[in-house]
1. Does any residue of the range 143-154 turn out to be open to solvent by 50 Å² or more (accessible area, probe 1.4 Å), assigned to a helix (DSSP H, G or I), hydroxyl-bearing (Ser, Thr, Tyr) and free of Cβ contacts under 8 Å to residues at least 40 places away in the same chain?
2. Count, please, the residues in the range 1-47 that happen to be open to solvent by 30 Å² or more (accessible area, probe 1.4 Å), small (Gly, Ala, Ser) and at negative phi.
3. Just give me the residues in the range 283-321 being open to solvent by 60 Å² or more (accessible area, probe 1.4 Å), polar (S, T, N, Q) and closer than 14 Å to Phe257 by Cβ, in sequence order.
4. With the requirement that a residue be in contact (Cβ under 8 Å) with a residue 12 or more places away in the chain, among the charged types (D, E, K, R) and in a helix (DSSP H, G or I), what does the range 29-44 give you?
5. Would you pick out the residues in the range 270-289 that are within 26 Å of the chain's Cα centre (by Cα) and free of Cβ contacts under 8 Å to residues at least 60 places away in the same chain?
6. All but one of (1) out of contact with any Ser or Thr (no Cβ under 8 Å at 6 or more places or on another chain); (2) part of a helix (DSSP H, G or I); (3) among the β-branched types (Val, Ile, Thr) hold for Ile124, so report the exception by its number.
7. Does Tyr180 satisfy the condition of being at negative phi, touching a Pro at 6+ places or on another chain (Cβ under 6 Å) and open to solvent by 40 Å² or more (accessible area, probe 1.4 Å)?
8. Given the criterion of a type in the set (Phe, Trp, Tyr) and under 16 Å from Val231 (Cβ atoms), identify the matching residue among Tyr46, Tyr23, Tyr35.
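The values are calculated or read from the model by the stated rules, or taken from the named source; none is laboratory data. For clarity, every value in this text was computed on a predicted model and none was experimentally measured. Glycine gets a Cβ as well: all are built from the backbone with ideal geometry, and neighbour counts include every protein chain shown. Surface accessibility is based on the protein's heavy atoms, side chains included, excluding ligands, DNA and RNA. Shrake-Rupley method; radii C 1.70, N 1.55, O 1.52, S 1.80 Å.
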Amino acid sequence: MVRLKELDVLRGIAALNVVVFHYTSKFRMNFGHNYPSKFDWEIGRYGVELFFMISGFVIFMSLQGKTSLEDFAYKRFSRLYPTYWICVFITFLIVNLSQDPKMETNSVSVLLMNMSMIQGVFGIKNVDGAYWSLVPELFFYTFMGALFQLRLLSKMRTIAVIWLSLMISNSLFTLPFGAYLLNLQYGMFFLAGILFYRIKFDGGDWREHILIGVCFLAGVIENPTLICFGVFSAIFCLFYLFVYDKLTLLTWKPFVFLGYISYPLYLLHQNIGFVLMRKIGRYISNEFLVIFIGIISMITIAWLVTRFLEKPILHFLRNYRFHKPRYSGSFQK
């Protein structure tokens, strides 16, 4: 699958927004900050919606061409789970060893249940609060795998109309069980990513644009605030810039780098960052400096995990399945 640098830019923007939100607004909520609340980066929480849109684009792209459901599942597993297991264990270890009275520790049983990634479905606590977004991701992968197996990906316009109708209905009336199982709270962002892919690579026309507009509308109906209207407008505009090759102006190396490390950064930054910032805060009174040190420290840790664990493991697992040596004829000693 082709790697698009602009997608790394979008990942980097999403990751940075989430990190700054957690280190300002979320940290204030949990522990308190000594600087004015007007500096809190509240809109950063919606970086997750941008991640969902990127996933919609990438997952639909990965199901094009010659592939199989087994290959798709293996690629998703190898991309998500090994790095996730590493980050869950690191987070569990650091938080439990920190002995910070305001940081909630977890038992080994909670750690083991978190290894499934779907602990939230069963009401089991996440080792790190950021893990909540992985459940919608997994539901989306399952949904797309089912559509692929049923050979329905060519009917995405029809599926989009039905799915969007359910999303809007759920926002207005709350459908039983539907919001969770069918991704009705966040599906509009995954779907928008798919539609953007069709415009960029798959012959999409005015119908895709209309459906993207309905995705935006569904997002605003689900989150009916002025701030969401503004943030979602920015997210959709960013993707339009990407689709029409105008995002190259923003291919700033730091954003590309943040996109490269975005998965470990997302998994590691929250609770470990909180522990670190609270430790540093005992010696440094300037909270802006504490936040800056926290961000730089977590970016460094995420890079180390990416460079020396995530990428080598992913390379090994992909090579093991897709580049194994093949032998012809009978085995000879």
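1. Within the range 143-154, one or more residues are open to solvent by 50 Å² or more (accessible area, probe 1.4 Å), assigned to a helix (DSSP H, G or I), hydroxyl-bearing (Ser, Thr, Tyr) and free of Cβ contacts under 8 Å to residues at least 40 places away in the same chain.
2. Number of matching residues: 1.
3. Residue satisfying the conditions is Thr300 alone.
4. Within the range 29-44, just Glu42 meets the criteria.
5. Within the range 270-289, just Leu276 meets the criteria.
6. Condition not satisfied by Ile124: (2).
7. Here the answer is no, as Tyr180 does not meet what is asked.
8. Tyr46
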